[in-house]
1. So, in nm, how far is label residue 97 from label residue 241 when the simple model puts each one 7 Å beyond its Cα toward the Cβ?
2. How big, on average over all directions, is the shadow cast by the Cα convex hull of segment 139-262, in nm²?
3. Springs between alpha-carbon atoms under 10 Å, Gaussian network over the chain: tell me which of 309, 224, 259 tops the mean-square fluctuations.
4. Counting DSSP beta bridges in the chain, what percent are antiparallel, to the nearest 5?
5. Counting other beta carbons within 10 Å of each residue's own, what order do 184, 8 fall into, fewest first?
6. Report, largest value first, the span of the C-alpha coordinates of segment 203-315 along each principal axis, in whole Å.
7. Applying 1/(1 + (r/R0)^6) with R0 = 25 Å to the Cβ-Cβ distance of residue 41 and residue 17, what FRET efficiency is obtained, to the nearest 0.05?
8. Give the dimensionless ratio obtained when the Cα radius of gyration of the chain is divided by 2.2 N^0.38 Å.
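No value in this document is a laboratory result; all are computed from the given coordinates. All values reported here derive from a predicted model rather than from experimental measurement. No Cβ is skipped: glycine too gets one built from the backbone with ideal geometry, and neighbour counts run over all protein chains shown.
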């Protein structure tokens with residue numbers, strides 16, 4: 001078995017004192033040891049060549065800090081995985097050690113996922129798209145241990161920062177674009193989560209509704225059933241909301257059913273705004289089944305910008321909720337600020353980040 005390399009061996013090969021190696025590799029400015037840039041680089045080079053790994057347990061005891069943050073991902077969706085990956089890469093670029101878990105890996109979900117993080121004495125945790133099933137006792141325990149949290153989209157956690165997409169602004173951009181293309185009868189297809197409609201986890205749906213209604217009115221349109229059935233040529237909006245069915249949710253089937261209902265309205269919508277990209281795929285399948293041409297007769301838009309969306313027929317216009325530039329930086333800044341005991345500003349408790357519109361052929365833009 002290969003012997004573990006320690007500071008003593010690195011010091012011997014570098015021709016310096018062990019305390020000098022410790023100061024360089026721990027990047028400590030409080031040791032009082034002054035080291036030239038040339039010596040420091042020699043020590044780091046030797047450490048790399050010897051595949052040196054610091055003793056984390058000894059560091060925790062000595063510093064009373066682990067220097068590690070936790071990343072807990074909820075679910076296995078493409079968006080959640082992409083957000084976790086971008087955050088992890090940024091931590092790596094910043095030299096921040098992290099331990100990642102996924103609540104879906106465990107039978108008892110969140111409770112089991114947090115165990116290894118607590119054992120590792122993480123100093124803070126980012127919750128990536130947390131769901132509403134996090135045990136309140138677990139959140140209380142983290143608070144008692146003084147471990148700060150940042151919720152990254154998903155369900156907000158009371159008392160901690162929530163970084164999320166600016167859904168209202170995204171809906172405004174989308175509807176303004178569709179109206180500019182001459183679409184007049186816009187139907188929003190969505191559903192409620194399996195909780196009370198006022199539950200904090202319903203924020204995205206409620207903001208989507210708010211953005212839809214507000215923008216229709218701002219553009220001089222109307223939302224009443226009478227306006228929908230009235231004189232053609234003016235902008236009108238209509239909302240189709242459904243309760244979540246029991247059991248596992250099939251977004252594709254839900255999209256088909258919602259579209260089937262909307263296509264039965266008189267007059268028929270000329271644009272379907274779907275709550276996510278899977279809904280939009282279901283909408284496209286139902287239009288194809290009924291012989292309705294997209295985008296000539298009806299536009300379809302999604303929400304998410306999944307990897308498959310540019311390859312659909314036609315390519316899907318959607319809102320890009322994947323990580324945007326500066327997003328991971330904002331989350332890590334908040335967490336570090338709390339770890340260091342620095343107060344957050346009023347604007348830090350709820351941060352809305354832009355999710356841009358991605359225009360493709362399904363809305364009719366550039367279609368001959």
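1. With each label placed 7 Å out from Cα toward Cβ, I get 4.8 nm.
2. Over every viewing direction, the Cα hull of segment 139-262 projects on average to 9.8 nm².
3. Comparing 309, 224, 259 in the GNM, the peak value goes to 224.
4. That works out to approximately 5 percent antiparallel.
5. Fewest-to-most Cβ neighbours within 10 Å comes out as 8, 184.
6. Ordered largest first, segment 203-315 gives principal extents of 36, 35, 27 Å.
7. Efficiency for this residue pair is about 0.90.
8. In units of the 2.2 N^0.38 Å rule of thumb, it is 1.25.
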